[in-house]
1. Within segment 265-296, which residues are part of a helix (DSSP H, G or I), more than 14 Å from the chain's Cα centre (by Cα) and closer than 30 Å to SER57 by Cα?
2. Tell me, which helices (runs of 4 or more DSSP H) wholly within segment 102-202 include 2 or more residues that are over 25 Å from ALA82 (Cβ atoms)?
3. Considering only residues of segment 121-149 that are exposed (fewer than 12 other Cβ atoms within 10 Å of the Cβ) and of a type in the set (A, V, I, L, M), which is modelled with the lowest pLDDT?
4. Could you check, for segment 52-69, whether at least one of its residues is under 30 Å from PHE231 (Cβ atoms), within 17 Å of the chain's Cα centre (by Cα) and of a type outside the set (Lys, Arg)?
5. May I ask you to list pairs of residues, at least six apart or on different chains, whose Cβ atoms are under 6 Å apart, with the first in segment 161-185 being among the polar types (S, T, N, Q) and the second being crowded, with 19+ Cβ neighbours inside 10 Å?
6. Return yes when GLY228 is touching a Pro at 6+ places or on another chain (Cβ under 6 Å), surrounded by 13 or more Cβ atoms within 10 Å (Cβ to Cβ) and not basic (Lys, Arg) and no when it is not.
7. Of everything in segment 184-200, what is surrounded by 15 or more Cβ atoms within 10 Å (Cβ to Cβ) and not hydrophobic (A, V, I, L, M, F, W, C)? Give them in sequence order.
8. Can we say VAL236 is among the aliphatic types (A, V, I, L, M) and either buried (at least 21 other Cβ atoms within 10 Å of the Cβ) or under 15 Å from VAL292 (Cβ atoms) (or both)?
Amino acid sequence: MRDSTGKAPGWGVTLMRNRHFVGWLQAAPLSLILIGFLILPIITIVIVSFWQATEFSIIPAFSLENYEFLFGSPVTYKVFGATFKYAFLTWAFTLSIGFTVAYYLAFHIRSQPVQIALFLICTIPFWTSNIIRMISWIPFLGRNGIANQALISWGVIDQPLEWLLYSDFSVILAFVHLYTLFMVVPIFNTMMRIDKSLLEAARDNGASGFQTLVHVIVPLTKPGIMIGTIFVLTLVMGDFITVRFMSGSQRANVGRLISNDISLLQYPSAAATAVVLLLTVLIVIGILLRFVNIRKEL
């Protein structure tokens with residue numbers, strides 16, 4: 001028996017099932033990769049975080065002692081406080097620099113080839129490794145480095161500044177140097193999508209440049225700002241090698257805490273700290289996503 005279109009009953013259901021099956025097949029490779037390289041490692045870390053450990057062995061027995069020690073130690077709160085401090089200061093500086101650079105490229109450079117050329121110049125530091133870029137600051141900021149020698153020769157200071165290197169200043173400087181481009185790219189991408197007629201309408205209605213910036217450009221750039229913020233915060237909060245090199249091992253963050261536990265073969269303790277850090281980052285991202293819908297940008 002056939003319907004008015006000449007097709008057998010139920011053909012639509014069959015077609016829909018086939019489409020669902022094809023959709024699952026298309027998503028299967030990526031799903032397997034995510035499960036194998038993301039979900040399973042996280043599950044493993046969570047399981048190991050509840051194991052016990054001695055100086056010579058790991059005991060696969062359920063225990064909360066890793067979390068009890070973690071939350072009962074004042075060092076934990078101090079280290080997390082330092083991590084949030086680094087993340088906030090780095091975010092503030094990268095946002096200021098990234099927004100300014102993106103604004104200049106998007107609205108003050110009319111020629112697209114020039115825009116591309118200047119944007120590529122911003123990516124030049126990424127042609128080398130993070131380690132090399134960090135180490136390059138050491139001879140510049142050192143006691144007898146270029147910065148101190150220049151300030152002394154100009155008569156600005158009488159003796160070298162000790163806080164330029166192996167301090168919070170050098171750590172923040174390295175973070176800003178490493179991660180500013182992660183703020184520039186999403187903001188610039190968002191700004192390029194802004195309809196220029198909106199800016200002309202704002203000017204025609206008597207809005208000043210600052211008013212146009214605050215009431216038109218910034219609201220429309222929020223998705224890019226939020227994406228850049230997520231990139232910078234997650235990278236800084238998970239970083240440990242930058243803090244180690246640029247502070248001369250005199251400062252610590254959560255990443256260094258995990259690294260130290262691993263070097264001492266205290267894998268359950270390191271796993272517990274990693275779980276707490278992961279939950280902290282997810283909570284921060286969840287709070288940020290409440291302020292803007294970045295799906296439009298993605």
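1. TYR267, PRO268, SER269, ALA270, ALA271, ALA272, THR273, ALA274, VAL275, VAL276, LEU279
2. Output list reads 112-123, 146-153, 181-192.
3. That would be ILE124.
4. Within segment 52-69, none of the residues are under 30 Å from PHE231 (Cβ atoms), within 17 Å of the chain's Cα centre (by Cα) and of a type outside the set (Lys, Arg).
5. SER170/LEU141; SER170/MET246; THR180/THR94; THR180/GLY98
6. yes
7. Residues of segment 184-200 that are surrounded by 15 or more Cβ atoms within 10 Å (Cβ to Cβ), as a first pass: 184-191, 194, 199.
Hits for segment 184-200 are PRO186, ASN189, THR190.
8. Yes, satisfied.
The values are calculated or read from the model by the stated rules, or taken from the named source; none is laboratory data. Nothing here was measured: the structure is a model prediction, and the numbers come from that model. Counting neighbours? That spans all protein chains shown, and the Cβs are built from the backbone with ideal geometry, glycine included.
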